[in-house]
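Notes follow the structure.
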Amino acid sequence: PAQTDWATFLWPHMSSIYDGTGKTEVNGAKIGRYNLITTNYFSGSGYQVITHEFMHTLGYPDMYIYNSGTFTDPIGNWTMMCGNTGYPTVWERERYGGWVSEEQIPTISKNGFYELSDASKNPETNTIAYKINVPNSDEFFMVEYRNQNANEYEALVPNTGIIVYRVDPDRY
């Protein structure tokens, strides 16, 4: 089957059905959040679409901006929630997924040498990111190391190396 046009009903998506009472049912089955994935997304790189849409069910937002049917990609292919590639960024995992706690992300506050493990490692036993605060602002920078050789998801990020990105926590 052909791919479905973006933003049409059969485009893969996560949504919710509520009737206002919290008791929405179809044939006796309660319905709330659901993921719609058509069969043509179950082959090739379909796991990426399935993963992206399921992560919406877990509370992750898209990290691209809709603009009249075109996309603006502020973070591009560095996260599953924008380019359908790689793990979510460490900040997304902390903010939306609870995979990483704030205490597991040290803050850099002075010059020095810092060791950084690959962002797909266990944050309980590895430092997978650093935070750098912006003075007089709620914004901060995150520093993480992405490794294309880590696993199937990370193999699709643009390159292996350190990424630094600015976070405005008031945007989401």
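Taken together, the values in this text are just the output of simple stated rules run on the coordinates, not laboratory data. Please read these numbers as outputs of a predicted model, since none were measured by experiment. Cβ coordinates were reconstructed from backbone atoms using ideal geometry, including for glycine residues, and neighbour counts include every protein chain displayed.
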**Item:** 5 angstrom amide H check on T79, placed H, neighbours 5+ away
**Value:** T85
**Request:** Per residue of region 54-65, in order, report the coupling 6.51 cos²θ - 1.76 cosθ + 1.60 (Karplus, θ = phi - 60°) as ³J(HN,Hα) in whole Hz, putting x for Gly and Pro.
**Result:** 5, 5, 4, 4, 7, x, 7, x, 5, 9, 10, 10
**Request:** Within 10 Å, count the other beta carbons around each residue, average over each peptide in 107-113, 118-124, 135-141, and list them highest first.
**Result:** 118-124, 135-141, 107-113
